[in-house]
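The values are calculated or read from the model by the stated rules, or taken from the named source; none is laboratory data. This is a predicted model, so every value here is computed, not measured. Note that we place each Cβ from the backbone using ideal geometry, even for glycine, and neighbour counts take in every protein chain shown.
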Amino acid sequence: MSSLAQRRDYRVADLSMAPFGRKEIHLAEHEMPGLRALRKEFGPTKPLAGARISGSLHMTIQTAVLIETLVELGAEVR
């Protein structure tokens, strides 16, 4: 892993909110059947392995589901 990937350039404001956020992400996953289907079909083969994806997005729960899907498919997301 490169030194850039090891460096944390973010700060978690309130880690005690993590369980609530995880619950919200879980609920959002059920509203996004397309991404769930991609995870189920392609997750084991990691078709995005080696892909490096960067973005500048407004962070929503749905964005979190997209990012987690990309990671599950093998991408490195930043």
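Here are Ala13, Ala5, Ala51: which of them is modelled with pLDDT under 95 and under 18 Å from Ala75 (Cα atoms)?
On the way: Ala13 fails: under 18 Å from Ala75 (Cα atoms); Ala51 fails: modelled with pLDDT under 95.
Of Ala13, Ala5, Ala51, the one residue that is modelled with pLDDT under 95 and under 18 Å from Ala75 (Cα atoms) is Ala5.
Can you name the condition, by its number, that Val65 falls short on among (1) touching a strand residue (DSSP E or B) at 6+ places or on another chain (Cβ under 6 Å); (2) in contact (Cβ under 8 Å) with a residue 40 or more places away in the chain; (3) among the hydrophobic types (A, V, I, L, M, F, W, C)?
Among (1) touching a strand residue (DSSP E or B) at 6+ places or on another chain (Cβ under 6 Å); (2) in contact (Cβ under 8 Å) with a residue 40 or more places away in the chain; (3) among the hydrophobic types (A, V, I, L, M, F, W, C), Val65 violates only (1).
Counting just the residues of the stretch 54-73 that are exposed (fewer than 10 other Cβ atoms within 10 Å of the Cβ) and among the polar types (S, T, N, Q), which one comes out modelled with the highest pLDDT?
That would be Ser54.
Where in the stretch 16-78 are the helices (runs of 4 or more DSSP H), entirely inside, with at least 3 residues that are hydrophobic (A, V, I, L, M, F, W, C) and in contact with a helix residue (DSSP H, G or I) (Cβ under 6 Å, 6 or more places away or on another chain)?
In the stretch 16-78, 61-72 are the helices (runs of 4 or more DSSP H) which contain 3 or more residues that are hydrophobic (A, V, I, L, M, F, W, C) and in contact with a helix residue (DSSP H, G or I) (Cβ under 6 Å, 6 or more places away or on another chain).
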